Structure formats: structure tokens, C-alpha cells
Amino acid sequence: MMPDLGKYGDTVMSAYVASIVLLVLLVVISVIRGRHVRAEMDKIEKRVMGNG
Amino acid sequence: MSIWEYANPKKFITTTERVLPVLWAAAALCIGGGLIWGFFFTGDEVRQGSTVKIIYLHVPAAMLAINTWVMMLVTSLVWLVRRHHVSALAARAAAPVGLVMTLIALATGAIWGQPMWGTWWVWDPRLTSFLILFLFYLGYIALWEAIDDPDTAADLTSFLCLVGSVFALLSRYAVNFWNQGLHQGASIMRAEAVIGTDTQEKVSNIFFYPLLLCIIGFVLLFVALVFYRTGTEIRARRIKALMARERVEA
């Protein structure tokens with residue numbers, strides 16, 4: 001199944017691994033921060049609206 | 001219906017949350033499909049061998065590295081002219097995406113360059129302008145983080161974005177301005193190729209179609225990330241406003 005990459009196997013694989021890791025990190029960090037901020041906003045909204 | 005309706009933060013969030021699941025799924029399908037097609041089902045190129053498979057990551061990332069800055073320029077101008085907070089926050093949300101795309105373009109270019117050019121790096125016009133663009137992204141993100149008042153931060157980063165646009169354009173057209181350096185000229189999006197007067201070498205269709213799918217996937221991923229991250233920035237701004245209100249009432 002794996003294509004024969006010849007003498008450039010390491011070159012191609014390292015480019016793919018580096019890029020995919022960076023893309024996945026970007027998405028995961030964005031989603032984690034998004035969820036954290038949303039939860040904090042809900043908490044503060046409840047507190048402020050409850051007091052007001 | 002006017003585009004300015006989406007300058008309302010609530011309207012922006014409700015609308016984007018409706019389209020986000022479709023965008024995430026379409027981006028994953030296109031990128032996954034394009035990479036599998038390119039990696040497993042296309043052969044080697046005569047001169048580059050299997051390193052040609054790196055274009056499926058390098059080209060879309062490089063395109064987005066430049067176009068993210070163009071998008072930030074447009075939204076920064078909207079902020080400066082019309083003072084819509086959503087546009088300033090969209091520029092802020094897009095910057096880390098552009099930074100990662102520039103980093104991918106630089107890294108994959110260096111990895112490809114080592115066996116093909118015999119060096120990881122040369123001070124070639126396109127490579128150098130991309131490195132400067134990367135530094136501008138870092139500076140832009142740092143400036144947002146360094147200033148507490150969001151309106152002042154939006155003003156200053158918008159001006160930085162205007163200055164940085166020179167390098168974004170330079171990155172795009174560097175290979176046309178100077179006939180020196182190792183980086184080849186544009187071989188995919190060329191006006192001559194579109195109007196049919198092209199005599200220069202271009203990417204073979206065998207490589208072009210999976211590449212096109214990857215480009216579409218990267219654009220969809222960019223839109224999804226910017227929508228999602230802008231929503232996060234809007235909420236973070238609301239948290240600051242609520243906390244300020246709480247302090248006044250206390």
C-alpha cells in the first residue's frame with residue numbers, strides 16, 4: 001500500500017509529518033481555547049445577570 | 001440583506017455556528033482526499049522524483065500565507081474606516097492561522113530544497129520575503145497581546161498590517177520582480193495560463209488535480225478556523241466587558 005518513495009523517502013515523510021502536526025496543533029489549540037472561553041463566558045454571564 | 005449585518009457580533013456567531021460543521025467536514029474531506037490521492041496515487045516526477053509530493057502541502061500553505069495577510073488587510077481597513085469590532089477581531093483571529101501557514105511553507109520548502117537545491121536555505125527574494133512575512137505575523141500577534149485596550153490594539157495592529165502588506169505583495173510577486181534566486185516562477189496561478197498564451201512550463205494535470213483539491217481543502221479549513229476563532233475572540237471581548245460591568249457595580 002505504501003508507495004515507493006525511493007531515496008527521498010525521509011524527505012517526503014518529514015515534510016508530511018511536520019505539516020500535519022502543525023495543522024492538527026492549530027485546530028486542537030483553537031478548539032480547546034474556544035471551549036474554555038465559551039465556558040468562562042457562560043459562567044460570568046450567569047453571575048452578572050444573577051446579580052443584576 | 002447587507003454584509004454589514006454580520007458586523008453585529010451576535011448575528012456573526014449565530015450565522016457562522018450554523019455553517020461551521022459543514023465547513024469542518026468539507027475541509028477534512030478535501031484535504032484528506034487530496035493528500036491521499038497525491039501521496040498514494042500519483043507517480044514520481046522525472047527530475048524531482050518523489051519529492052514532488054511535497055507540493056500538495058507547500059503550495060496551498062504558501063498561497064494561504066499570503067492571502068491570510070490580504071484578508072487581514074481588508075478587515076483592518078474595515079476597522080479603520082467603519083469601526084466594526086468584528087472585523088478587527090477577525091483579523092486578530094486569522095493571524096495565527098497565517099503564521100502556521102507561513103511556517104509550513106518555509107519548513108516544507110526547506111525540506112524540499114535540501115535534496116533538490118543542495119541547501120536548506122538561500123537568501124533568495126521569495127524565501128527572504130516569506131521569512132519577513134513570518135516575522136510580521138509574529139510582530140502582529142505580539143502587538144495584540146501587548147496592549148490592554150482593545151480599540152488601541154486594533155488601531156495599532158491595523159497600521160502594522162498596512163505596512164506588512166508590502167511584504168505580503170512582495171512574497172507573491174518577488175519571483176516576477178527579480179530574475180535571480182533559486183525559487184522557480186509561478187507555475188500554477190498564472191494569467192498567461194488562463195488566457196491561453198502560456199509558453200512556460202506548468203504543473204502536469206496528474207499532479208494538478210490532487211493539488212487543486214488540497215488548495216480547496218486548505219481554503220475551507222482557513223475559513224472554518226477564522227469563523228471559529230473570531231467567535232472565540234468575540235466571546236473573550238464580552239468576558240472583558242462583563243467583568244468591567246461587575247467591577248463598576250461592586
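Tally up the residues in segment A:7-52 that are among the charged types (D, E, K, R), surrounded by fewer than 11 Cβ atoms within 10 Å (Cβ to Cβ) and at the interface with chain B (Cβ under 8 Å from one of its Cβ atoms), please.
Total meeting the criteria: 1.
Take the residues of segment B:50-89 that are within 14 Å of chain A (Cβ to nearest Cβ) and out of contact with any Phe, Trp or Tyr (no Cβ under 8 Å at 6 or more places or on another chain): which is nearest to B:ASN8 (Cα to Cα)?
Ranking the qualifying residues of segment B:50-89, first place goes to B:LEU89.
I'd like to verify a number: residues in segment B:208-237 that are facing chain A (nearest Cβ under 8 Å) and either surrounded by fewer than 17 Cβ atoms within 10 Å (Cβ to Cβ) or touching a Cys at 6+ places or on another chain (Cβ under 8 Å) (or both), how many?
Of the residues in segment B:208-237, 0 are facing chain A (nearest Cβ under 8 Å) and either surrounded by fewer than 17 Cβ atoms within 10 Å (Cβ to Cβ) or touching a Cys at 6+ places or on another chain (Cβ under 8 Å) (or both).
Can you name every residue in segment B:1-47 that is β-branched (Val, Ile, Thr) and loosely packed, with under 11 Cβ neighbours inside 10 Å?
Within segment B:1-47, B:ILE3, B:VAL46 qualify.
Return the total of residues in segment A:19-52 being of a type in the set (A, V, I, L, M, F, W, C) and more than 14 Å from the chain's Cα centre (by Cα).
Final tally of qualifying residues: 6.
Readers should treat all values here as calculations from the given coordinates under stated rules, not as data from a laboratory. All figures in this text were calculated on a predicted structure; none of them were measured in a lab. Quick reminder, even Gly has a Cβ in these numbers, built from the backbone with ideal geometry, and neighbours come from all protein chains shown.
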